[in-house]
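Undergrad: Mind looking over this structure? Questions follow.
The values are calculated or read from the model by the stated rules, or taken from the named source; none is laboratory data. This one's a predicted model, so the numbers in the text were calculated from it and none came from an experiment. Note that we place each Cβ from the backbone using ideal geometry, even for glycine, and neighbour counts take in every protein chain shown. Note: accessible area is taken over every heavy atom of the protein model, side chains too, but ligands, DNA and RNA are not part of it. Shrake-Rupley method; radii C 1.70, N 1.55, O 1.52, S 1.80 Å.
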Amino acid sequence: MIMKEICKVTSQREIAANIFELKVKADFVKEIKQPGQFVHIRVSNQWDPILRRPISISSYSKENHEFTMIYRRDGKGTALLAEKTPMMELDILGPLGNGFPVDEASAGETALLVGGGIGVPPLYELSKQLKEKGVQVIHILGFQTASAVFYENEFLELGETYVTTVDGSYGYKGFVTDIMKTLSFDMIFSCGPTPMLKAIEEGYPEHKVFLSLEERMGCGVGACFACVCKKKDDPNGTSYKKVCTDGPVFRAGEVFI
Ligand SMILES: Cc1cc2nc3c(=O)[nH]c(=O)nc-3n(C[C@H](O)[C@H](O)[C@H](O)COP(=O)(O)OP(=O)(O)OC[C@H]3O[C@@H](n4cnc5c(N)ncnc54)[C@H](O)[C@@H]3O)c2cc1C
Ligand code: FES
């Protein structure tokens, strides 16, 4: 069930340059079904900005009724979000969308988790749940530069972890796809910029691949059609999928990205 709730901020800290980790108490945490679901946040009580901002659930604890988000301070909305301090209230709609299908992986298999920049956060809860199931996890985390790197140690605690930076200032120089070529695995789960997702979809047609897409959103609940994308099995037709309610996670090949 989707809930609209006034939630309390429990902590906020800057974990890399312009990257914030925000923890919030919310009753709707009990309704979270999969890693990779997201919430839609009203960042201000004023008219501007009127649209909510979608942010992924990075991890959660049903016992503590608490979840964590990691976001980049970017435009007006996320700048306002970065000003929130403990005990402040936030109007949040959640949990939204369909996340990563943990059921698709079996104990003993190897799952490769590939994150690009601000696409890394939802992979953290996914990795925890896969590992708990006995799935071996390998992570590749791609960033632009050293100052943008976050959660390397958290992922290392769960499994083999490779960090890449585009400018080579930390970890391996280059793209996540360069490291992918050197590894063997049974399936891929990924979230990040569209060119990265496209390269993964095209490069691994024989693998089971699940991709989390990012589209600009309005309502977040399937009512406004702001987030539609075309289905691959109907390229000239008029059938669409909505990223907010059918996704954000899709099986590779399901929609045009
Ligand atoms: C399902 C989903 C999960 C996301 N998870 C995260 C996350 O975990 N961490 C994170 O940092 N970012 C995440 N994003 C991107 C985040 O929503 C945008 O960066 C944010 O909305 C930008 O808002 P702003 O006010 O700072 O920027 P502005 O540019 O001022 O925003 C203007 C408008 O554009 C929309 N918008 C701008 N960029 C994006 C974008 N890339 N995707 C969707 N809408 C956008 C805003 O919602 C707003 O309506 C996610 C997006 C989606 C769709
Ligand atoms: S954001 Fe409104 S339908 Fe998806």
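Undergrad: Once Rh for segment 2-82 is found with the Kirkwood sum over Cα pairs, what is the Stokes-Einstein diffusion coefficient at 10 °C and 1.306 mPa s, in µm²/s?
TA: Translational diffusion coefficient: 121 µm²/s.
Undergrad: Please report, in debye to the nearest 20, how large the charge dipole of segment 64-214 is about its Cα centre when each Lys and Arg carries +1 at its beta carbon and each Asp and Glu carries -1 there.
TA: Computed about the Cα centre, the dipole is about 300 debye.
Undergrad: So, one more: Amide H of TYR162 versus every other amide H placed in the peptide plane: which residues, excluding those fewer than 5 positions away on the same chain, fall under 5 Å?
TA: Distant-sequence amide H within range of TYR162: HIS139, ILE140, LEU141.
Undergrad: Arranged from highest to lowest average of other beta-carbon atoms within 10 Å per residue, in what order do the peptides 128-137, 73-82 appear?
TA: For the peptides 128-137, 73-82, the packing ranking is 128-137, 73-82.
Undergrad: Moving on. In whole percent, and with a 1.4 Å probe on the protein chains, what portion of the accessible area of segment 1-149 is carbon and sulfur?
TA: Percent of accessible area from carbon and sulfur atoms in segment 1-149: 49.
Undergrad: If you don't mind, there's one more thing I want to ask. Along Cα→Cβ, 7 Å out, is where each label goes; now give me the distance between the ones at ASP233 and ILE2 in nm to one decimal.
TA: Output for this residue pair reads 2.5 nm.
Undergrad: If you don't mind, another one. Given a Förster distance of 25 angstrom, what is the FRET efficiency for GLU160 paired with GLU104, based on the Cβ-Cβ distance and rounded to 0.05? Don't skip to the end; give the middle numbers.
TA: Working: r = 20 Å, r/R0 = 0.81.
It comes to 0.80.
Undergrad: Relative contact order for segment 102-212 using alpha-carbon pairs under 8 Å, separation at least 6, rounded to a whole percent?
TA: Value for segment 102-212: 29 percent.
Undergrad: Please list the equivalent ellipsoid semi-axes of segment 41-157, computed as the square roots of five times the alpha-carbon gyration tensor eigenvalues, in descending order and whole angstrom. Walk me through the intermediate numbers first.
TA: Values: eigenvalues 168, 60, 31 Å².
Square roots of five times the eigenvalues give 29, 17, 12 Å.
Undergrad: Moving on to the next point. Where only protein heavy atoms count, and the probe is 1.4 Å, what is the accessible area per residue for segment 102-212 in Å²?
TA: Here the residues of segment 102-212 average 42 Å² of exposed surface.
Undergrad: When Lys and Arg each count +1 and Asp and Glu each count -1, what net charge do the other residues less than 12 Å away from VAL29, Cβ to Cβ, add up to?
TA: Around VAL29, the charge tally is -1.
Undergrad: Continuing with this model, one more query. With every protein chain left in place, what is the accessible area of VAL249 in Å² (1.4 Å probe, nearest 10)?
TA: We get 10 Å² for VAL249.
Undergrad: Going through the cross-link list LYS133/LYS230; LYS25/LYS133; LYS4/LYS232; LYS181/LYS232; LYS33/LYS242, which pairs have a Cα-Cα distance over 30 Å in this structure? Each step should come with its number before you reach the end.
TA: Details: LYS133/LYS230 34 Å; LYS25/LYS133 26 Å; LYS4/LYS232 33 Å; LYS181/LYS232 26 Å; LYS33/LYS242 19 Å.
LYS133/LYS230; LYS4/LYS232, as the Cα separations exceed 30 Å there.
Undergrad: Using the basic label-point model (7 angstrom from Cα toward the beta carbon), what is the GLU14 to HIS65 distance in nanometres?
TA: Going from the GLU14 label point to the HIS65 one covers 3.2 nm.
Undergrad: Given contacts defined as C-alpha pairs under 8 Å and at least six residues apart, what's the relative contact order of segment 1-133, whole-number percent?
TA: Reported relative contact order: 32 percent.
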